[in-house]
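The values are calculated or read from the model by the stated rules, or taken from the named source; none is laboratory data. Predicted model only: the values in this text are computed from it and were never measured. As a convention, Cβ positions derive from the backbone with ideal geometry for all residues, glycine included, and neighbour counts pool all protein chains shown. SASA here: full protein model, heavy atoms, side chains in, ligands and nucleic acids out. Shrake-Rupley method; radii C 1.70, N 1.55, O 1.52, S 1.80 Å.
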Amino acid sequence: MAWWRRKKQQLETQTPEEKVSVPKGVWSKCEACGEITYTEELIANLRVCPVCGHHAPMPTAERIEAMLDEGTWEEHDTDLRSGDPLSFADQKPYSQRLEKALRTAGPRDAFRSGVGTMAGVPVSVGFFAFEFMGGSMGSVVGEKVTCVFERALELHRPAVVFSASGGARMQEGVLSLMQMAKTSAARGRLRAAGLPYISVVLHPTTGGVAASFATLGDLIIAEPKALVGFAGPRVIMQTIGQELPKGFQRAEFLLEHGMVDRIVSRLEMREQLGLMLQLLGTKPKTDQPAAQ
Amino acid sequence: MSTKVLEFERPIVELEGKIKELKHLSGGSREMAQEIERLEEKARQLQKERFASLTPWEQVQLAKHPDRPYTLDYIGEITTDFMELRGDRAFADDPAIVGGLCRFDGRTVMIIGHQKGRNTKENLYRNFGMARPEGYRKAQRLMRLAEQFGHPILCFIDTAGAYPGLGAEERGQSEAIASSLELLARLTVPTISVVIGEGGSGGALAIGLTDRILMLEHAVYSVISPRGCASILWKDPEAEQTAAAQLKMTSHDLQSLGICDEIIPEAVGGAHRGLTSTAAALAEALRKHIDELCALDADALVAQRYEKYRRIGHLERE
């Protein structure tokens, strides 16, 4: 079974809908250290293991709540839905996969975009929803990411994108590939306008998302142990025909190789991002149209 | 002469072989000459018909044909004074991407393209045309250079993809591709990319975010290789033929998806069976697009380019 399918199933058990139906007092076992914690307690701790600090996968709804100041989240672009431009079918038609994801994943596609404040700083912000088809980027995701940057320009505020994605969505073929171009171009406009963009890379961020806006942040911040890379470890292993070093492509490896600015715990993320944005500041708005 | 003959090329190659034999045997006799001419016409017709109805998988095979002309072959055909420029000024020179200044149609242009090798030794040197981060950083350097001196940029795409290796990851393959995209989006000089063979995913797009996207008739362009797609979605790499059809990756698919701006006709039987005529068609198309783009000022160029990519995608609204 493909890795991203397994991941999805694992995440499906933690979607907000199902979470509600889980009776109180249920235990969760930490993937890293095996520690048993009350699920409720774990959720309150942003799914960070209280013993070893392992960052477990987090449903997008919980992340949005945790990253933005209370009551400030305002979602946009909610009417966008993926179509099936290629009439793509593998073992299952793409349209059926979409239907299933819509039924079970919670989010309406693999990205949620909107505005809010982060430790008091107004931001245009977007979150990948890994629980929706492995966070894959098709036309809708590309459009929403582009909207995050364009909205930042329009409102003259910083942009923050939280990425977790297997890459481009194969089922939309070359249209997905071109979303890399579209989003990177939009990101460029923000740079020209002197507005900050912070890219937060979560576990895992690979392929076309890693190779576009996710690595184009003025600052790039990673969650601990997040795997970020162009090619997935399996592909690399097949290519070079040898085992990969321990911790390869993980946040700590990326920090060592100069690919990210900081590794920040989920528990401190909102405050830290707010502080970074304050320190960065924004260039004053000019009357000229946004530089291209 | 062909080193490799694909299954669907065989009948034609065999017929051509027979004609050649006949020519040799005829010893220039007048009667035979007529017969040979008739056979040659038949071979041409056969080839034309066969190549007009290739399956997507056959197109993929043709795009990867080991005899297919590569970037340097086209540079040799359509430009003069090619001055190769090398190195990313940070780590290395990546021979999987070549680039340099040259003269084309009376202008100085910058040409950047993936370069595959013709044999094993060359392929080891060129890494089969799969670039590492330094390749993309060299490309960026050359793009900036062209912009600084106001020269148009032509990019020839022909890669299975960016190299998925250990060192490539250590040196930031993702960032190298991403920053190429951002740079291309804001360049103030005309840019044209041509997919001459394989357009493989992000490694292709990294030199392909251009004002115009052209494709040779038998080139392909895809988000993932059919084999990669098959092993993920079908869980069977052998399903690659089906995947190739599903991915809609031929030049005609790309044109109907609104991504490819123009398809450049190849010699009958593919570019490898007629480099000169294919290169001539390529040169003609490039000339036309460069002229059109050079008529625009920098602001208009950048704004049009943004709009071109801004509207790509299929959206439905609830």
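Which residue fluctuates most in the GNM of chain B (Cα springs below 10 Å): B:Thr188, B:Thr242, B:Thr79?
Of the options given, B:Thr242 has the highest mean-square fluctuation.
Hey, what number do you get for chain B at 222 nm if only DSSP H runs of n ≥ 4 count, each worth -39500 (n - 2.57), divided across all residues, to the nearest 500?
Roughly -14500 deg cm²/dmol at 222 nm, from the helical runs in chain B.
Averaged over A:90-99, how many beta carbons belonging to a partner chain fall within 10 Å of each residue's beta carbon?
2
Can you give the mean number of other chain Cβ atoms that lie within 10 Å of the Cβ atoms in peptide B:201-207?
6
In the neighborhood of A:Val115, defined by Cβ-to-Cβ distances under 14 Å, what is the net charge if each Lys or Arg adds +1 and each Asp or Glu adds -1?
Overall, the nearby charge balance is -2.
Ignoring ligands, DNA and RNA, what accessible area per residue does the protein assembly as shown give at 1.4 Å, in Å²?
42 Å²
Sequence-distant or interchain residues sharing an amide H contact under 5 Å with A:Gly217, placed H: which?
For A:Gly217, the qualifying residues are A:Ser199.
Give a quick list of GluC sites (Glu not before Pro) in the stretch A:181-269 that DSSP marks as loop, anything other than H, G, I, E or B, with at most 14 other Cβ atoms within 10 Å.
The qualifying sites are A:Glu243, A:Glu268.
Can you list residues whose amide H is under 5 Å from B:Ile97's amide H, if they're 5+ apart or on another chain and H is modeled 1.01 Å from N?
B:Gln115
If you rank B:Thr55, A:Thr72 by how much accessible surface each has, with a 1.4 Å probe, what is the order from largest down?
Descending accessible area places them as B:Thr55, A:Thr72.
Using the Kirkwood radius over Cα pairs, work out the Stokes-Einstein diffusion coefficient for the stretch B:72-195 at 20 °C and 1.002 mPa s, in µm²/s as a whole number.
For these conditions, the coefficient is 147 µm²/s.
Quick one: if you take sqrt(5λ) for each eigenvalue of the C-alpha gyration tensor of the protein assembly as shown, what semi-axes come out, biggest first, whole angstrom?
Square roots of five times the eigenvalues give 46, 27, 21 Å.
Per residue Cα convex hull volume for the stretch A:58-279, in cubic angstrom?
Hull volume over Cα atoms, normalised by residue count, gives 125 Å³.
Leaving out ligands, DNA and RNA, what percent of the accessible area of the protein assembly as shown is carbon and sulfur, probe 1.4 Å?
51 percent
Between the chain alone and the structure with every protein chain in place, find the residues of the stretch A:247-261 that drop at least 20 Å² of accessible area; heavy atoms, 1.4 Å probe.
The answer is A:Phe248, A:Phe253, A:His257, A:Met259 - residues whose exposure falls by at least 20 Å² when every protein chain is included.
Using only the Cα atoms of the stretch B:211-278, what semi-axes does the equivalent ellipsoid have when each is the square root of 5 times a gyration tensor eigenvalue? Give whole Å, largest first.
Taking √(5λ) for each Cα gyration eigenvalue gives 26, 15, 8 Å.
Using a 10 Å cut-off on Cβ atoms, rank the peptides A:165-171, B:191-197, B:90-96 from the highest mean neighbour count down.
Ranking the peptides A:165-171, B:191-197, B:90-96 by packing returns A:165-171, B:191-197, B:90-96.
For the cross-link pairs A:Lys92/B:Lys235; B:Lys18/B:Lys42; A:Lys29/A:Lys100; B:Lys116/B:Lys138; A:Lys100/A:Lys182; B:Lys64/B:Lys116, which exceed 20 Å when the distance is taken from alpha carbon to alpha carbon?
A:Lys29/A:Lys100; A:Lys100/A:Lys182
List the accessible area buried at the contact between A and B, summed over both sides and calculated with a 1.4 Å probe, in Å² to the nearest 100.
For A against B, buried area totals roughly 5100 Å².
Roughly how many debye, to the nearest 20, is the charge dipole of the protein assembly as shown about its Cα centre, given +1 on each Lys and Arg Cβ, -1 on each Asp and Glu Cβ, and no other charges?
Computed charge dipole of the protein assembly as shown: roughly 540 debye.
Looking only at the stretch A:46-90, which residues have a backbone nitrogen under 19 Å from a spot 7 Å from the Cα of A:Lys225 in the C-beta direction?
Label zone hits: A:46-60, A:63.
GNM, chain A, Cα, under 10 Å: largest mean-square fluctuation among A:Thr205, A:Thr183, A:Thr78?
In the Gaussian network model the winner is A:Thr78.
I'd like the accessible area for A:Ile220, computed on protein heavy atoms only with a 1.4 Å probe and all protein chains in place. Round to 10 Å², please.
Result for A:Ile220: roughly 20 Å² accessible.
Could you identify which residue out of B:Pro190, B:Pro11, B:Pro66 has the top mean-square fluctuation in a GNM of chain B using Cα springs shorter than 10 Å?
Highest fluctuation of the listed residues: B:Pro11.
Between the stretch B:202-268 and the stretch A:55-79, how far is it from one alpha carbon centroid to the other, in angstrom?
Between the Cα centre of the stretch B:202-268 and that of the stretch A:55-79, the gap is 36 Å.
Just checking the output field for A:184-194: average partner chain Cβ neighbours within 10 Å of each residue's Cβ?
Counting Cβ atoms of other protein chains within 10 Å of each residue's Cβ and averaging gives 5.
Let me have the relative contact order for chain B, percent, based on Cα pairs under 8 Å that are six or more residues apart.
Once normalised by length, the contact order is 15 percent.
On alpha carbon coordinates alone, what is the Rg over Rh value for the stretch A:172-238, Rh being the Kirkwood radius?
1.02
Given labels modelled 7 Å from the Cα in the Cβ direction, how far is it in nm from A:Glu35 to A:Leu280?
3.2 nm
Picking from B:Leu315, B:Gly200, B:Gln173, whose Cα lies most toward the positive end of the charge dipole for chain B (charges on Cβ: Lys, Arg +1; Asp, Glu -1)?
Comparing the listed Cα positions along the dipole, B:Gln173 ranks first.
Based on the mean of other beta carbon atoms within 10 Å per residue, what is the order of B:38-46, A:190-198, most packed first?
The densest-packed peptide leads the list: A:190-198, B:38-46.
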